[in-house]
Amino acid sequence: MNILKILNPRVVALLTLVLPTALGTVYYAGLAADRYVSHAVVGVKDTSDGGSSGGSGGLAGAASMLLGGGGSPTSLGDTFYLQNYILSMDLLNKLDARLKLREHYSHSGLDPIYRVWSWTTQESFLDFYRNRVEITRDDYSGLLTIDVQGFEPRFAQALAQGILQESEAFINEYSHRIAREKMRFAEGELQDTRKRLEKAKQEVATFQTTYKLLDPGSQAAAASSLTAGLQARLAQQEADLRAALAIMQDDSFQVRTLRAQLAATRAQLESERLRTTGASVDSAQLPALNIKFQELLATAVFAEETHKASLIAYEHARLDASRKLKTVVVIEPPTLPQEALYPRRIYNLLTVIALAIMAYLIMRLTLATIREHQD
């Protein structure tokens, strides 16, 4: 075959060994641009108080439940959000407007690989940016290690500093947005509990006005005690009257006196009943009315406690919305690199040579096998 004649050992060596090695040598020796790496380590700290203050443990716990939280949030989730934000299009646009990233990465000298061209789309530029910013997350400590590449040492450091500053702004806005949402929720709960409290108090007042009872329980006890005393006196007077009638005339002075006393006691008993319970309420109704009143009173007390808890929740949410809840803690500030970390010229060139030798040997073996089958 003609192709086998063309692919003689010299041509194979030229294509698979000499040419790749020469191209690799030219690129890494003269074209590849130095890339400096600025290194930084950061974490996200929750500065909000984890517990309640003062002596309002129960109400503070209820307030925490109203706000939807049962304890202090961990920073691991915040670190995950921050990692994704650092690699987002939004941050890229902000950094580009601030530091002119596209312009910097377009001036890579003669390097045709690690550069941004004038026709590079924004999506491709984002991929390029993500390849220049390496983030390593430690799930145990919640720390982010950020390595930023630039063609100049100070630009790499400035880019890392810009990332940290924008990250701080993002975490601050993110935490305040959550706090504002909690505040709106707490405000709604406060209004609802206030309405429930007003309704419960109105029902208690309506009950007291309707039945002319301030407290059916205490009034029932007082009425029962007074009625028992009057009834005992009435029974004694009736017994005295019967005894007097047994030995005296019906129109005698003593009998008339006993009858008058008996009538007075009956009148007093009826008067006390009407005075205590009102004309529209019979003493037999007091137990049922007391049960109803206690239900209304318990509802009012519960509404008041809930309202207090919602007040505490609202105050906590208001304070959270006005202060710094989370912050980016810089463990290691962005470094100013002294020497280019990339490209690793000797290592990469040796890798190219090794791959070229492997390709040359594979090609020679393949061609030798084909020629053997043809023969």
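Readers should treat all values here as calculations from the given coordinates under stated rules, not as data from a laboratory. Keep in mind the model is a prediction, meaning the values are calculated, not measured. Virtual Cβ from ideal backbone geometry, glycine too; neighbours counted across all protein chains shown.
Taking amide H positions as modeled 1.01 Å from N, with prolines and chain starts lacking one, the residues under 5 Å from Arg35 and 5 or more places away or on another chain are Leu341, Tyr342.
Neighbour counts of C-beta atoms inside 10 Å place Thr257, Thr193 in the sequence Thr257, Thr193, starting with the fewest. Restricting attention to region 85-139, which trypsin sites (Lys or Arg not before Pro) occupy a DSSP loop and are surrounded by at most 13 other Cβ atoms within 10 Å? Qualifying residues, ordered by number: Lys100.
Annotation: for a label point projected 7 angstrom from Cα along Cα→Cβ of Leu15, residues of region 336-365 with backbone N closer than 14 Å are 359-365.
Taking other Cβ atoms within 10 Å as a rough exposure proxy, Thr145, Thr136 sort from fewest to most as Thr136, Thr145.
When the GluC sites (Glu not before Pro) in region 93-158 are filtered for DSSP coil states and for at most 15 other beta-carbon atoms within 10 Å of their beta-carbon, no site remains. Taking amide H positions as modeled 1.01 Å from N, with prolines and chain starts lacking one, the residues under 5 Å from Lys326 and 5 or more places away or on another chain are Thr47. With 27 Å as the limit on Cα-Cα distance, the pairs of Lys195/Lys326; Lys94/Lys182; Lys195/Lys292; Lys182/Lys308; Lys182/Lys326 that go past it are Lys195/Lys326; Lys94/Lys182.
Can you figure out the FRET efficiency of Gln165 with Ile291, using R₀ = 51 Å and their beta-carbon distance, to the nearest 0.05? Plugging the Cβ-Cβ distance into 1/(1 + (r/R0)^6) gives 0.20. With an a/c value of 1.5 or above and a/b not larger than b/c for the gyration tensor axes a ≥ b ≥ c computed over the alpha-carbon atoms, region 310-375 is described as oblate.
For the peptides 157-165, 263-271, the ranking by packing is 157-165, 263-271, with the highest mean count of neighbouring Cβ atoms within 10 Å listed first.
Among the chymotrypsin sites (Phe, Trp or Tyr not before Pro) found in region 104-204, those both in a DSSP coil and sparsely packed, with 16 or fewer other Cβ atoms within 10 Å of their Cβ, are Trp117, Trp119, Tyr140.
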